[in-house]
Amino acid sequence: MLTPMLRRIVLVVALVLLPVSLAQPYAWGAQGHHIIARIALSRLTPDVQRTVTALLAGEDFVTISTWADEVRSARPETYNWHFVDLPYGQPKYDAARDCAPSDRGDCVIAAIDRLRKTLANTSAPMAERRDALKFIVHFVGDLHQPLHTIENKDRGGNDVRVNGDAGRVTNLHSVWDSGAISKRGLDEAAYTKLLMDDLGGRPVPASEERVDVIKWVEDGHKIAEADVYRYPEFVLNTPPPAPISLPDTYFKRAQDVIDRQIQLGGVHLAALLNETLRGSR
């Protein structure tokens, strides 16, 4: 009979050995979500910053950016809120096709629309508005990960196996969540500074300050087709049968795209919160 300590050890080993294809399609690692939140926080108006601080009631704006992933298993009805699947080759969002209701939710576009209404409703219970804020901070980050905007029958790249370092096999989704970022060798503070400094010298166009969630998704979808799935073994509507190898040039292109998507995630999140909470308390 296993002792409690041995049972815990067996559980940890089993989790470590789970096939990579069973991983859930999370977008960005904690570092990516944190940096998006930091960029957004620096761009909130003073009034909106005060409203956000009051709503969070002591919780940290940057830390809560990963909360929606942490509660996902306890709230299965929110599972599909993290992404929207526009089929490969279909660059325009179709709500009937891409956002059908299910017991796991509909999609990130519809979720953000509902959550904004709750967040802006000063008559709603404070706890509901707080949760809406926490979901929005995360979901706006999610939709800027290109693999959260496309369907190629590979579970957002989770089923595209990729040869990693030291013989380890990872997957395409993981490469775009955190693998390409980690290859920079920067900690969160250094990476934040790099992106903030670059954003100061290379600001996004004024048109990007306009809140348009559908456009943000469609832009991400274009990136997924042009950059994420740009590898020789690509197969339409199915993952490659064997693990693929990605050259250094692929990672360099991925890093450049990810940098801008994280920057845009922060800019867009700030614009959405400033618009939603303008004049709110």
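The values are calculated or read from the model by the stated rules, or taken from the named source; none is laboratory data. None of the values given here were measured: they were computed from a predicted structure. Glycine gets a Cβ as well: all are built from the backbone with ideal geometry, and neighbour counts include every protein chain shown.
Observations on the model:
- Check on G156, farther than 28 Å from D60 by Cβ, at pLDDT 95 or above and small (G, A, S): yes
- Here D94 passes the criteria (1) closer than 25 Å to G32 by Cα; (2) in contact with a strand residue (DSSP E or B) (Cβ under 9 Å, 6 or more places away or on another chain) except the one numbered (1).
- Against the list (1) touching a residue at least 24 places away in the same chain (Cβ under 8 Å); (2) in a helix (DSSP H, G or I), the condition A127 fails is (1).
- Taking the range 79-97 as the range and being surrounded by fewer than 18 Cβ atoms within 10 Å (Cβ to Cβ) and either of a type outside the set (F, W, Y) or in contact with a His (Cβ under 9 Å, 6 or more places away or on another chain) (or both) as the test, the residues that pass are P87, G89, Q90, P91, K92, D94, A95, A96, R97.
- Candidates are the residues of the range 140-161 that are surrounded by fewer than 24 Cβ atoms within 10 Å (Cβ to Cβ) and in contact with a helix residue (DSSP H, G or I) (Cβ under 9 Å, 6 or more places away or on another chain); the one that is nearest to Q31 (Cα to Cα) is N158.
- Verdict on V211 being surrounded by fewer than 20 Cβ atoms within 10 Å (Cβ to Cβ), of a type in the set (V, I, T), outside any helix (DSSP H, G or I) and modelled with pLDDT of 95 or more: yes
- Selection count where residues are over 18 Å from Q31 (Cβ atoms) and buried (at least 20 other Cβ atoms within 10 Å of the Cβ), scope the range 162-184: 3
- A100 being of a type in the set (G, A, S) and surrounded by 18 or more Cβ atoms within 10 Å (Cβ to Cβ): no
- Taken over the range 91-111, the residue count meeting the criterion of being touching a residue at least 40 places away in the same chain (Cβ under 8 Å) and not charged (D, E, K, R) is 4.
- Looking only at the range 70-82, residues that are β-branched (V, I, T) and touching a residue at least 12 places away in the same chain (Cβ under 8 Å) come to 1 in all.
- Selection status of E225, closer than 25 Å to T276 by Cα and part of a helix (DSSP H, G or I): no
- The listed residue being closer than 25 Å to Q90 by Cβ and of a type in the set (K, R), out of K117, K153, K193: K153
- Scanning the range 141-153 for residues that are outside any loop (DSSP other than H, G, I, E, B) and more than 14 Å from F61 (Cα to Cα) turns up D142, P146, L147, H148, I150, E151.
- In summary, helices (runs of 4 or more DSSP H) completely within the range 1-86 and bearing 1 or more residues that are under 18 Å from K134 (Cα atoms) and modelled with pLDDT of 95 or more occur at 30-43, 46-56, 67-70.
Each row is one residue, and each column tells you yes or no for (1) in contact (Cβ under 8 Å) with a residue 40 or more places away in the chain; (2) over 18 Å from H138 (Cα atoms); (3) over 14 Å from the mean Cα position of the chain (by Cα).
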{"site": "V84", "(1), (2), (3)": "yes, no, no"}
{"site": "D113", "(1), (2), (3)": "yes, no, yes"}
{"site": "K117", "(1), (2), (3)": "no, no, yes"}
{"site": "N121", "(1), (2), (3)": "no, yes, yes"}
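- Scan of the range 188-218 for residues that are under 18 Å from D98 (Cα atoms) and in contact with a Leu (Cβ under 8 Å, 6 or more places away or on another chain), ordered by number: V213, W216, V217, E218
- Residue in the range 271-280 that is modelled with pLDDT of 95 or more and surrounded by fewer than 15 Cβ atoms within 10 Å (Cβ to Cβ) present: yes
- Close Cβ contacts (under 9 Å, 6 or more residues apart or on different chains) running from residues in the range 165-186 that are among the acidic types (D, E) to residues that are part of a helix (DSSP H, G or I) comprise D177/G32; D177/L147.
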